[in-house]
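All remarks here apply to the structure that follows.
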Amino acid sequence: IDLGLTYLIPQSNMAIDANFSFYNTTEYFNTLTLQNDPINAPKFKMNASVNWESPVGNFSFKYRHVDQFRWADGIWVGVIGPYDLFDVHYKYEFNNNLSASISCLNIFNDVRREIVGGAKMGRQIVMRFSTGF
């Protein structure tokens with residue numbers, strides 16, 4: 001099941017968005033190995049965001065929850081999660097052709113792995129300047 005809802009508030013230049021995903025299982029029967037293997041995905045995950053186009057720039061606040069799940073891929077076997085992430089984004093448009101943005105991902109620095117064998121991930125701050133024609 002995958003449910004999503006977006007609520008637009010035009011008079012405030014806001015949008016509220018939410019999504020919930022649920023899988024009935026976290027494993028499948030592997031006919032080659034004759035055992036249950038993980039599907040490498042959580043049983044449920046959800047996210048929500050609020051976006052606001054203000055007079056001083058665009059703000060976005062995001063939340064994501066990933067439930068705990070088993071992971072197996074070759075020699076990489078283990079457990080992922082659970083984890084909760086909070087992100088903040090800001091974008092300012094100088095004119096029709098130039099903008100600057102800053103994103104703070106995982107603002108509370110919840111250090112975690114999103115795949116077994118992958119790098120540990122923590123807080124990230126990214127700043128960009130963009131042009132468009």
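The values are calculated or read from the model by the stated rules, or taken from the named source; none is laboratory data. The model shown is predicted, which means the values in this text are computed figures rather than measured ones. Please note: Cβ atoms are built from the backbone with ideal geometry, for glycine as well, and neighbour counts cover all protein chains shown. The area values use the complete protein model at the heavy-atom level, side chains included, leaving out ligands, DNA and RNA. Shrake-Rupley method; radii C 1.70, N 1.55, O 1.52, S 1.80 Å.
Quick rundown of the values:
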| quantity | calculated |
| --- | --- |
| ³J(HN,Hα) computed for each position of the stretch 10-15 - Karplus, 6.51 cos²θ - 1.76 cosθ + 1.60, integer Hz, glycine/proline x | x, 5, 10, 6, 10, 9 |
| Most mobile of L105, L32, L85 in a GNM of the chain (Cα contacts under 10 Å) | L32 |
| Two-site FRET efficiency, N19 against Y92, from Cβ-Cβ distance with R₀ of 22 Å, rounded to 0.05 | 0.20 |
| Rg(Cα)/(2.2 N^0.38 Å) for the stretch 15-76, N = residue count | 1.70 |
| Directionally averaged projected area (convex hull, Cα atoms, the stretch 1-40), nm² | 3.7 |
| Accessible area of the chain divided out per residue, in Å², using a probe of 1.4 angstrom | 70 |
| Neighbour-limited loop hits for trypsin sites (Lys or Arg not before Pro), the stretch 27-69 (at most 10 other Cβ within 10 Å; DSSP other than H, G, I, E, B) | none |
| Principal axes of the stretch 2-115: Cα extent on each, largest first, Å | 60, 26, 26 |
| Per-residue HN-Hα couplings for the stretch 107-115 [Karplus 6.51, -1.76, 1.60; θ = phi - 60°; Hz; x = Gly/Pro] | 4, 8, 6, 6, 5, 7, 10, 9, 9 |
| Contour minus Cα-Cα distance for D110 and D84 (0.36 nm per residue) | 8.6 nm |
| Percent accessible area from carbon and sulfur atoms, the stretch 1-101, protein chains only, probe 1.4 Å | 58 |
| Virtual spin-label span in nm between Q68 and T31, 7 Å along Cα→Cβ | 3.3 |
